[in-house]
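Asker: Let me begin by handing over the structure; questions about it come next.
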Amino acid sequence: MQATTEVMARYPLKSESDTQALAKVFAESMELCNALNTGVVVYLEGDLGAGKSFFSRAFIQAFLPKEKVKSPTYTIVESYNSSKVSIHHFDLYRLCDPEELEYLAIRDLLVDRYVALVEWPSKGVPLFPKADILIRIQHQDEVSQDFASDERLFTMTAVSKMGEQVIQKVGEQFAHPVTE
Ligand SMILES: Nc1ncnc2c1ncn2[C@@H]1O[C@H](COP(=O)(O)OP(=O)(O)O)[C@@H](O)[C@H]1O
Ligand SMILES: [Mg+2]
């Protein structure tokens, strides 16, 4: 996908709690940038087990701490409403044809103030709305063959002006980013 901006940040995260901390800062940064007044689309890319659902759960719980976050693997989408924003968590892995998105009425779902977190976005092309932010998660074993490692490399790339502001805000709030 062609990025309209070059704002990108990389975060090597050593543990689940680091991932939870980044998800919380990501949520706070959206709020601080007033991104929650509109719609934000976040694509999550990475292999099975990379941590897309784990990050999504932590993001949702940043707004709804007690919420039991279910996997959308079978339902394709699970939605959550907080006082600040609606969050729609998609997993498009089981989509056979992007046309199936029509049955989910995503045009009615993705209105007003929302965040869409989208696992396996490539399955929704070209019908799914374009991303503001891409998050690529790489398991450490892709890098060093260390299969026991909890380390993940998160790469955030902005694909819209709003995405750019959010990623810059994350950089201000979160320790040890590697920005380009
Ligand atoms: N640093 C980390 N960040 C995210 N998940 C981690 C991390 N370390 C270990 N894990 C574990 O990796 C697994 C990721 O699974 P999941 O989020 O379901 O992957 P995906 O949705 O990408 O297929 C979870 O069991 C989680 O507990
Ligand atoms: Mg998942």
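The values are calculated or read from the model by the stated rules, or taken from the named source; none is laboratory data. Just so you know, these numbers come straight off a predicted model, no measurement behind them. Quick reminder, even Gly has a Cβ in these numbers, built from the backbone with ideal geometry, and neighbours come from all protein chains shown.
Asker: If a residue must be out of contact with any Phe, Trp or Tyr (no Cβ under 9 Å at 6 or more places or on another chain) and in a helix (DSSP H, G or I), how many such residues does the stretch 59-70 contain? Step through it out loud before you land on a result.
Answerer: Start the filter on the stretch 59-70 by keeping residues that are out of contact with any Phe, Trp or Tyr (no Cβ under 9 Å at 6 or more places or on another chain), which leaves 61, 65-66, 68, 70.
This time we only want the ones that are in a helix (DSSP H, G or I), so: 61.
Here the count works out to 1.
Asker: Just a yes or no: is a residue in the stretch 19-30 touching a strand residue (DSSP E or B) at 6+ places or on another chain (Cβ under 9 Å) and loosely packed, with under 15 Cβ neighbours inside 10 Å?
Answerer: Within the stretch 19-30, the first condition is being touching a strand residue (DSSP E or B) at 6+ places or on another chain (Cβ under 9 Å), and the residues that meet it are 19, 21-22, 26-27, 30.
After this cut, where a residue has to be loosely packed, with under 15 Cβ neighbours inside 10 Å as well, the list is none.
No, the stretch 19-30 has no match at all.
Asker: Scan the stretch 47-86 residue by residue and report those that are among the aliphatic types (A, V, I, L, M), over 13 Å from Q20 (Cα atoms) and within 15 Å of ligand 2 (Cβ to nearest atom).
Answerer: Going through the stretch 47-86, the residues among the aliphatic types (A, V, I, L, M) turn out to be 48, 50, 58, 60, 62, 64, 69, 76-77, 85.
Going one step further and asking which of them are over 13 Å from Q20 (Cα atoms), we end up with 48, 50, 64, 69, 76-77, 85.
Result: L48, A50, V69, I76, V77.
Asker: Here is a follow-up. Looking for something among the hydrophobic types (A, V, I, L, M, F, W, C) and either assigned to a helix (DSSP H, G or I) or more than 25 Å from A158 (Cβ to Cβ) (or both) - is there at least one such residue anywhere in the stretch 74-82?
Answerer: Checking the stretch 74-82: at least one residue is among the hydrophobic types (A, V, I, L, M, F, W, C) and either assigned to a helix (DSSP H, G or I) or more than 25 Å from A158 (Cβ to Cβ) (or both).
Asker: Right, next: Hey, does the stretch 108-122 have a residue that's at pLDDT 95 or above and assigned to a helix (DSSP H, G or I)?
Answerer: Scanning the stretch 108-122, I find at least one residue that is at pLDDT 95 or above and assigned to a helix (DSSP H, G or I), so the answer is yes.
Asker: Here is a further query. Test I167 against the stated conditions and say whether it is touching a strand residue (DSSP E or B) at 6+ places or on another chain (Cβ under 9 Å) and modelled with pLDDT under 95.
Answerer: Against the criterion (touching a strand residue (DSSP E or B) at 6+ places or on another chain (Cβ under 9 Å) and modelled with pLDDT under 95), I167 does not qualify.
Asker: Within the stretch 39-58, can one find any residue that is touching a residue at least 40 places away in the same chain (Cβ under 8 Å), surrounded by fewer than 21 Cβ atoms within 10 Å (Cβ to Cβ) and in a helix (DSSP H, G or I)?
Answerer: Within the stretch 39-58, one or more residues are touching a residue at least 40 places away in the same chain (Cβ under 8 Å), surrounded by fewer than 21 Cβ atoms within 10 Å (Cβ to Cβ) and in a helix (DSSP H, G or I).
Asker: Ok, one more. Go through the stretch 77-111 and report how many residues are within 14 Å of ligand 1 (Cβ to nearest atom) and touching a strand residue (DSSP E or B) at 6+ places or on another chain (Cβ under 9 Å).
Answerer: Of the residues in that region, 6 qualify.
Asker: Would you confirm, using the coordinates I've provided, whether A21 is part of a helix (DSSP H, G or I) and either away from ligand 2 (no atom under 16 Å from the Cβ) or over 18 Å from P121 (Cβ atoms) (or both)?
Answerer: Yes.
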